[in-house]
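The structure under discussion appears below in the form of structure tokens.
Laboratory data are not the source of any read-out in this text; all were calculated from the coordinates shown. On a predicted model such as this, the values are computed, not experimentally measured, just so you know. No Cβ is skipped: glycine too gets one built from the backbone with ideal geometry, and neighbour counts run over all protein chains shown.
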Amino acid sequence: MKGLILFLGKGGVGKTTLSASLASLLSRDGSRVYLASLDPAHNVFDFFGLEPRRGVMQLREGFYVEEVDEEEWLKRFLRETTEKMNSTYRYLTVIGLEDMFDVLKHSPGMEEFALLSALDSIVRHWSEQTDYIVIDTPPTGLTMRLFSLPAATVRWIEKLKGLRRKIIKRRAEIAHIKGSEAFPEGVAITEEDDLVIKELEQQRAFSERVLKLLTDRNKTRNVLVLNYDELSIREGADIIRDLRRLGMDISLVVFNKSDILSVKKEVLEEFMEVVRGLPVYEVPFFSDKAPPRERDREIASVFLKEFCS
Ligand SMILES: Nc1ncnc2c1ncn2[C@@H]1O[C@H](COP(=O)(O)OP(=O)(O)OP(=O)(O)O)[C@@H](O)[C@H]1O
Ligand SMILES: [Mg+2]
């Protein structure tokens, strides 16, 4: 894979139009491309004039499109977690996790974890088979929570591992005095045998893998899409600030519908200071009746050179 390209920006600025146009153009120019929408309110198939559908659709040779089913990933994530919990704590029959399924589903962080697992799995699957993976991201708030999750998880896991080590140490002390029969079968008294430590290590590996990918500036390119209006520019500035805090950044800025101007000069100047040094492009507003998919070449060729190696 040459690149993972994510399109970010306020609702309605043109993320879907620009991401789908770029993916389509790259594929028409001979690259193998996988385009996914992670936005729960999908409209990627709509861009191509197609009915929404489940799963991956091949639109032409080497061009794959998918609207990622968040609900499906959430269920998969919960099912796997439940299975792991049941096997890790098989000596505890009282947890009754199945009954918790619906509660867990709506717990904070679940949506983010599900989408992050989807992104990880997409990259692992498609990076072998394609040159570019293009992602139409969810609304800004959710995207930023998604991006901040891996680093936060790594820190949490370190704390949890510390606590777990203490528990195991205590068990070992008790077993030393009372003999290992003091514990039911399946209760580990060494770190090597402990399934909880193993699971924490797996979770850590997952978070580190995603973190590495998101912060890899050679591979991962974040495209910020804006309009010349105050709200999308302010939200864009917030996105950049949050990304930089996470060790990430925008690679390029695209002002879409650039002939529609409704922003004060000072707001724009202030923003241009924030993105100083970054490439900035303009895609005009096409006011004729032709759907944007018929304009994909015109739309994406504006910033295409950023992705040609
Ligand atoms: N350059 C353009 N010229 C004309 N129409 C455009 C252009 N870019 C986008 N549009 C239209 O503007 C609308 C919003 O664009 P789009 O759906 O791509 O935005 P979005 O950022 O994906 O929105 P959402 O956050 O709702 O998913 C669509 O109707 C699209 O066809
Ligand atoms: Mg969209």
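Taking the Cα centre of the chain as origin, work out the dipole magnitude from +1 charges on Lys and Arg Cβ and -1 charges on Asp and Glu Cβ, in debye rounded to 20.
It comes to approximately 840 debye.
Note the angle between two axes, namely the Cα long axis of helix 15-28 and the longest principal axis of the Cα atoms of the chain, as a number of degrees from 0 to 90, rounded to the nearest 10.
The angle comes out near 80 degrees.
With θ taken as phi - 60° and the coefficients 6.51, -1.76 and 1.60, list the Karplus ³J(HN,Hα) couplings across the range 173-186 in order, rounded to whole Hz; mark glycine and proline as x.
Calculated HN-Hα couplings, in order: 5, 5, 5, 5, 7, 9, x, 5, 5, 4, 10, x, 4, x Hz.
Return the distance in nm (one decimal) between the two label points of a simple spin-label model at Arg297 and Arg244, each offset 7 Å from Cα along Cα→Cβ.
According to this spin-label approximation, the distance is 3.9 nm.
Given an 8 Å cut-off on Cα distances and at least 6 residues of separation, report the relative contact order of the range 180-268 as a percent.
Dividing the mean separation by the residue count of the range 180-268 yields 28 percent.
Taking chymotrypsin sites (Phe, Trp or Tyr not before Pro) as exposed when DSSP calls them loop (any state but H, G, I, E, B) and at most 13 other Cβ atoms lie within 10 Å, what is the longest stretch of the chain free of them, the sites themselves excluded?
92-284
Taking amide H positions as placed 1.01 Å from N in the peptide plane, with prolines and chain starts having none, which residues 5 or more places from Gly11, or on another chain, fall under 5 Å of its amide H?
Thr140
Counting GluC sites (Glu not before Pro) as exposed when in a DSSP loop with at most 13 other beta carbons within 10 Å, what is the longest stretch of the chain free of them?
186-309
Can you work out ³J(HN,Hα) from phi for every residue in the range 61-66, in order, using Karplus 6.51 cos²θ - 1.76 cosθ + 1.60 and θ = phi - 60°, giving whole Hz and x for Gly and Pro?
Running phi through 6.51 cos²θ - 1.76 cosθ + 1.60 with θ = phi - 60° gives 3, x, 10, 10, 10, 8 Hz.
Given 25 °C and 0.890 mPa s, how large is the Stokes-Einstein diffusion coefficient of the chain in µm²/s, with Rh as the Kirkwood radius over Cα pairs?
In µm²/s, the coefficient is 113.
When the label point is put 7 Å from the Cα of Met110 along its Cα-to-beta-carbon vector, which residues of the range 61-81 have a backbone N closer than 16 Å?
70-81
Just to confirm the number: angle between the C-alpha axis of helix 230-245 and the first principal axis of the chain, 0 to 90 degrees, nearest 10?
Roughly 40 degrees between the two axes.
What number comes out for the charge environment of Arg32, summing +1 per Lys or Arg and -1 per Asp or Glu over other residues with Cβ under 14 Å away?
Net charge around Arg32: -1.
Taking R0 as 25 Å, what FRET efficiency do you get between Val187 and Asp69 from their Cβ-Cβ distance, rounded to the nearest 0.05?
With a Förster radius of 25 Å, E is 0.05.
Could you give the nm distance between label points at Lys159 and Arg54, where each point is 7 Å from its Cα heading toward the beta carbon?
Output for this residue pair reads 3.9 nm.
In which sequence would His42, His106 go, from the one with the fewest C-beta neighbours within 10 Å to the one with the most?
Ordered by Cβ neighbours within 10 Å, fewest first: His106, His42.
Positive end of the charge dipole of the chain (Lys, Arg +1 and Asp, Glu -1 on Cβ, about the Cα centre): tell me which of Leu116, Ala41, Leu8 has its Cα farthest that way.
It is Leu116, whose Cα lies furthest towards the positive end.
What distance in nm separates the simple spin-label points at Arg124 and Ser180, each placed 7 Å from Cα in the Cβ direction?
3.2 nm
Under 8 Å for C-alpha pairs, at least 6 residues apart: give me the relative contact order for the range 1-137, rounded to a whole percent.
The value is 42 percent.
Give the angle, between 0 and 90 degrees and rounded to the nearest 10, that separates the Cα long axis of helix 70-88 from the longest principal axis of the Cα atoms of the chain.
Compared with the principal axis, the helix lies near 10 degrees.
In percent, what relative contact order does the chain have, based on Cα pairs under 8 Å that are 6 or more apart in sequence?
RCO, the chain: 26 percent.
Per 0.36 nm of contour for each residue apart, how much would the distance between Asp102 and Glu270 grow if the chain were fully extended, relative to their Cα-Cα spacing?
Separation in residues times 0.36 nm, less the Cα-Cα distance, equals 55.9 nm.
Got a sec to turn the phi values of the range 257-271 into Karplus ³J(HN,Hα) couplings, 6.51 cos²θ - 1.76 cosθ + 1.60 with θ = phi - 60°, whole Hz, x for Gly and Pro?
6, 5, 7, 9, 10, 8, 8, 6, 4, 5, 4, 5, 5, 4, 5
How charged is the neighbourhood of Thr220? Take every other residue with its Cβ under 14 Å from the Cβ of Thr220, and add Lys/Arg as +1 and Asp/Glu as -1.
Net charge around Thr220: +2.
Setting aside same-chain residues fewer than 8 positions from Lys159, which lysines have a Cα under 20 Å from its Cα?
Lys169, Lys198
With runs of 4+ DSSP H residues as the only contributors, calculate the mean residue ellipticity of the chain at 222 nm using -39,500 (n - 2.57) per run, divided by the residue total and rounded to the nearest 500.
Computed ellipticity for the chain at 222 nm equals -17000 deg cm²/dmol.
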